[in-house]
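J.: Got a structure for you, questions after.
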Amino acid sequence: MDDGRVDDAVTDTEVVVVGTGVSGLAALHHLKARGVDVVALERNPDVGGTWYHNRYPGCRFDSESYTYGYSFSQEVLREWHWKERYSPQPENLRYLRFVTEKLALRDVIRFNTTVTGAHWEESTRTWVVHIEGGRSIRSRFLMTCLGMLSTPTMPRVDGIDTFEGPSFHTFDWPKDGIDLRGKRVGVVGTGATGVQAIAAIAPEVASLTVFQRRPNWHTPLGNSEITVEEMAEIRSRYDEIFALCAVSPGGYVHQPDRRGFHSLTAEQRRRFWEELYAQPGFAVWLANFREIFVDREANAEFSAFVAEKVRERVHDPELAEKLIPKDHGFGVQRVPLETNYYEVYNRDNVRLVDLQQTPMVGVTLTGIKTTEEDFELDVIVYATGFDAITGPYEQLDIRGVGGRLLKDKWVDGPETYLGLLVRHFPNLLMVAGPQSSSSSVNFPRSIEAQVDWCMGLLDHLRRNGLTRLEPTAEAEREWVAYVAHLYEKLLMREARSWFTGYNSNIPGREHGQVRHVMFNGGQPKYREILDAVASSDYRELVLS
Ligand code: NAP
């Protein structure tokens, strides 16, 4: 049947939501609030997604906590107390559980249910969602809320499975914790995750060996407590805070400085940067001159400023040089925020191994072997990143019209419309999908806009008795080209980071061949585009 008339009896539910992390819970709330028949499938035994998994010590927000919470429930905003400016993982998981109970979302979630794939069936206009163990569920719409950083990647080195002690990726940190006191611990990787974990565990372990390949630019987080009085004041300003985030390109409270790098003297710039460096959070990155993202001279001068800070903080000058990136400027990769990270290297029990000088040869029964040395370890922690953004999709057997595999469609890089829809994959709604704003924006601020847009679209279909949606070929082509064009403007296009699809542990993705995986136009622009599509009655979509 393909005449718009569809037999509702064939569906088990109207919408299947996959994943109950930050975006899945938001989607569920809005669907339930509309009375839509919905089922959520969650591979874990609990909600939380990234905040369920990442239990490594030091794991916390780099967004101001009060800008990370959902904006759509006055009740939640009124009742929840963020206790720290950059809230830690256990508290963030508590928050998501609190929201789940408060908004009564748990009854539609099937836990311990791992989706393996989803196949579009044109004759019934339904998705058949396949679940590990052989079961399936049929729905009209499929909303994927898979997260962007939910497919961890391990180093491709010899012997990785032979190590006799505990070893794990930070994403799979043991759920019941692990006692590292008195242990010889090795950490591989110095991205945002690595630096949080390294700084947190250094004081408690017998010895910490950090295996660093390319250093990153890190700046201080500046965490602090939020008292009851401060929280009351924040609550009274929630409207103002969310309004500020809505006009900021990054969806944070930080606004770029618009005076212009070149309009100030070097001395004025330096004074400004001293102020920024002392501020908490991403001010140093996102409240900086816009030129640092696009202008080599501006970027080099600011990078030199941050390099001086590293030299001031690390006592051993040779070691300080190893910690300063030489292959990329500040902020072209996502900036990891740290708490006493550089000071860790002034401790007697911490050693940095520079893998550029002495590459890792393999993992042995008792530790890690480099070209120079065998390191005896009790525990190995891999903070080695993710098959970011597209990985969670490409792991699944998602088949659209005519049995097309999504992974095949994206073999040379993702192709989407608005980061939300994919041609030949009707009725698939991705939240935080490739080419959306999610990776460049404070996550909840970005996904709320996407979920709102999806709700508007579903309302439109329902109002008009329609059951099928798909972007036109032209709309998708133009979006892919626009996303690529936005990369061209930014120094970031040259960086080897998950922002450009780089991952040294995935064959073919090692050398930083740019994949246009994210929308870089800023959240206000993204929202404006979404609104324009909605108010044109979705002209760029084929609806029937
Ligand atoms: P990442 O930024 O991709 O960093 C991975 C690190 O592992 C890099 O230092 C990389 O070195 C190293 N590495 C990978 N494979 C290796 C190998 N085979 N041998 C040696 N080193 C290897 O991953 P991440 O630190 O997990 O951060 C990913 C993103 O998660 C962040 O950018 C951020 O968006 C998010 N995050 C956020 C927070 C927060 O504060 N809210 C905290 C943690 C993470 P190379 O650079 O040389 O490849």
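The values are calculated or read from the model by the stated rules, or taken from the named source; none is laboratory data. Please read all numbers here as calculations on a predicted model, not as lab measurements. Glycine also receives a Cβ, built like all others from the backbone with ideal geometry; neighbour counts cover every protein chain displayed. Please note that ligands, DNA and RNA were not included when accessible areas were found on the heavy atoms of the full protein model with its side chains. Shrake-Rupley method; radii C 1.70, N 1.55, O 1.52, S 1.80 Å.
J.: Just want to confirm a number: the relative contact order over the chain, from Cα pairs under 8 angstrom separated by 6+ residues, in percent.
T.: Values: 1087 pairs, mean separation 105.0, N = 544.
Relative contact order, the chain: 19 percent.
J.: How about Lys489: which lysines have a C-alpha closer than 20 Å to its C-alpha, ignoring those fewer than 8 places off in the same chain?
T.: Lys525
J.: Something else now. Give me the number: length gained by fully extending Ala278 to Ala104, i.e. 0.36 nm times residue separation minus the C-alpha to C-alpha distance, one decimal in nm. Let's see the in-between values first.
T.: On the way: separation 174, 0.36 × 174 = 62.64 nm, distance 4.15 nm.
Length difference between fully extended and current span is 58.5 nm.
J.: Could you work out what % of the accessible surface of the range 448-511 is carbon and sulfur, using a 1.4 angstrom probe and leaving DNA, RNA and ligands out of the count?
T.: Numbers: 1370 of 2700 Å².
C and S atoms contribute 51 percent here.
J.: Counting C-alpha atoms alone, how compact is the range 330-421: give Rg to one decimal and Dmax as a whole number, in angstrom.
T.: 20.5, 62
J.: Rolling a 1.4 angstrom probe over the protein heavy atoms, how many square angstrom per residue are accessible across the range 168-234?
T.: Details: 2480 Å² over 67 residues.
I get 37 Å² per residue for the range 168-234.
J.: I want the local charge near Thr151. Using Cβ-Cβ distances under 11 Å, sum +1 for each Lys or Arg and -1 for each Asp or Glu among the other residues. Intermediate results must be reported in sequence, preceding the final value.
T.: Details: positive: none; negative: Asp387, Glu394.
Residues close to Thr151 contribute a combined charge of -2.
J.: Starting from the Cα of Lys102, draw a straight line to each of the lysines and keep only those under 26 Å, dropping any in the same chain fewer than 8 residues away.
T.: Lys32, Lys83, Lys175
J.: Further, regarding this structure: Over the Cα atoms of the range 384-450, what radius of gyration and what Dmax do you get, in Å?
T.: 12.1, 37
J.: I'd like to check one number: the per residue accessible area of the range 1-126, probe 1.4 Å, reported in Å² as a whole number. Walk me through the intermediate numbers first.
T.: Values: 4640 Å² over 126 residues.
In whole numbers, the range 1-126 has 37 Å² accessible per residue.
J.: Calculate what fraction, in whole %, of the accessible area of the range 48-204 sits on carbon and sulfur atoms when a 1.4 Å probe is rolled over the protein chains.
T.: Working: 2880 of 5980 Å².
So the carbon and sulfur contribution to the accessible surface is 48 percent.
J.: Ok, one more. Mind jotting down the three principal axis lengths of the range 72-170 based on Cα atoms? Whole angstrom, largest first.
T.: 49, 47, 20
J.: May I pose another question? Against the empirical 2.2 N^0.38 Å scaling, what ratio does the C-alpha Rg of the range 345-503 come to?
T.: Dividing the Cα Rg of the range 345-503 by 2.2 N^0.38 Å gives 1.43.
J.: Could you work out what % of the accessible surface of the range 238-363 is carbon and sulfur, using a 1.4 angstrom probe and leaving DNA, RNA and ligands out of the count?
T.: Details: 2950 of 5760 Å².
Within the range 238-363, the accessible surface is 51 percent carbon and sulfur.
J.: Between Glu318 and Arg156, with labels modelled 7 Å along Cα→Cβ, what's the label distance in nm to one decimal, could you check?
T.: In this crude label model, Glu318 to Arg156 measures out at 3.4 nm.
J.: OK, next. Give the Rg/Rh ratio for the chain, taking Rg as the radius of gyration of the Cα atoms and Rh as the Kirkwood radius, to two decimals. Provide the component values of the computation, followed by the final result.
T.: Numbers: Rg = 23.6 Å, Rh = 24.4 Å.
In the chain, Rg relative to Rh is 0.96.
J.: Per-residue accessible area for Thr472 at 1.4 Å probe radius, Å² rounded to 10?
T.: 40
J.: Could you give the Stokes-Einstein D for the range 222-333 in µm² per second, using the C-alpha Kirkwood radius, 20 °C, 1.002 mPa s? Kindly include the intermediate steps, with their values, before the conclusion.
T.: Values: Rh = 16.0 Å.
In µm²/s, the coefficient is 134.
J.: Residues of the range 465-486 with the amide nitrogen closer than 18 Å to a label point 7 Å from the Cα of Glu528, along Cα-to-Cβ, please.
T.: The answer is 479, 482-486, whose backbone nitrogens lie closer than 18 Å to the label point.
J.: Moving to a separate point now. Need the full-extension length gain, Phe168 to Glu79, defined as separation in residues times 0.36 nm minus the C-alpha distance. One decimal, nm.
T.: Separation in residues times 0.36 nm, less the Cα-Cα distance, equals 28.4 nm.
J.: What's the extension gain from Leu466 to Ala33 if we count 0.36 nm per residue and subtract their Cα-Cα distance? Walk me through the numbers on the way to the answer.
T.: Working: separation 433, 0.36 × 433 = 155.88 nm, distance 2.05 nm.
Contour length minus the Cα-Cα distance gives 153.8 nm.
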